[in-house]
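The values are calculated or read from the model by the stated rules, or taken from the named source; none is laboratory data. What you see is a predicted model; the values in this text were computed from it and never measured. Every residue, glycine among them, receives a Cβ derived from its backbone with ideal geometry; neighbour counts consider all protein chains shown. These accessible areas exclude ligands, DNA and RNA; they are computed on the full protein's heavy atoms, side chains included. Shrake-Rupley method; radii C 1.70, N 1.55, O 1.52, S 1.80 Å.
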Amino acid sequence: TQLSKLNPLQRMAYLSLKIILIPALVLTGMLYESYNHWDEIGITGLSLGPVAIVHTLLGFLMIAFMFGHIYLTTTGHTPLSNLKAMVTGWEELEDDDER
């Protein structure tokens, strides 16, 4: 519809991305970067290995999400038709009578 451009699966994917994946990636990145100062800020009992593994896995998930988006832009009538529709705001649709 005009007001709802995403289906429920897309909504859940974007919600998960915005609420879970991106904040977790930022948090683990900040922990990873500040490793030498963990004692000063009171982080004890945590080693760098698990933080690095989680951060790397989250990075791979983000890359997979990006590759999925790039792939899906090529699944239109022509490889660039979906990209053209995103840029121009207009999509050429088939008429049911033509099929």
> Hey, got the dipole for the chain? About the Cα centre, +1 on K and R Cβ, -1 on D and E Cβ, debye to the nearest 20?
Replying inline: 320 debye
> Percent of accessible area on the chain owned by carbon and sulfur, 1.4 Å probe?
Replying inline: 67 percent
>> So, R0 is 41 Å and r is the distance between the beta-carbons of Leu21 and Leu93; what FRET efficiency does that work out to, to 0.05?
In response: 0.80
> Lys/Arg Cβ at +1, Asp/Glu Cβ at -1, dipole of the chain taken about the Cα centre: which of Leu58, Trp38, Ile22 is farthest positive-ward?
Replying inline: Trp38
>> Keeping every protein chain present and rolling a 1.4 Å probe, give me the accessible area per residue for the range 1-71 in Å².
In response: 80 Å²
>> Output the 0 to 90 degree angle, nearest 10, between the alpha-carbon long axis of helix 48-73 and the longest principal axis computed from the alpha carbons of the chain.
In response: 10 degrees
> What order do you get for 63-69, 17-23, 86-92 when each peptide is scored by the mean count of other beta carbon atoms within 10 Å, highest first?
Replying inline: 17-23, 63-69, 86-92
>> As a test question: what accessible area, to the nearest 10 Å², does Leu15 have when a 1.4 Å probe is rolled over all protein chains in place?
In response: 80 Å²
>> Taking a ≥ b ≥ c as the square roots of the Cα gyration tensor eigenvalues, with a/c under 1.5 meaning rounded and otherwise prolate when a/b beats b/c, else oblate, which class fits the chain?
In response: prolate
>> Helix-only estimate, please: 222 nm mean residue ellipticity of the chain, summing -39500 (n - 2.57) across DSSP H runs of length 4 or more and dividing by its residues, to the nearest 500.
In response: -18500 deg cm²/dmol
> Counting pairs of alpha carbon atoms under 8 Å apart in space and at least six apart in sequence, what relative contact order in percent does the range 31-99 give?
Replying inline: 14 percent
> Given H placed on each backbone N at 1.01 Å, which residues far from Gly76 in sequence or on other chains put an amide H within less than 5 Å of it?
Replying inline: Ser81, Asn82
>> Using only Cα atoms and rounding to the nearest 10 degrees, what angle (0 to 90) does helix 22-33 make with the longest principal axis of the chain?
In response: 30 degrees
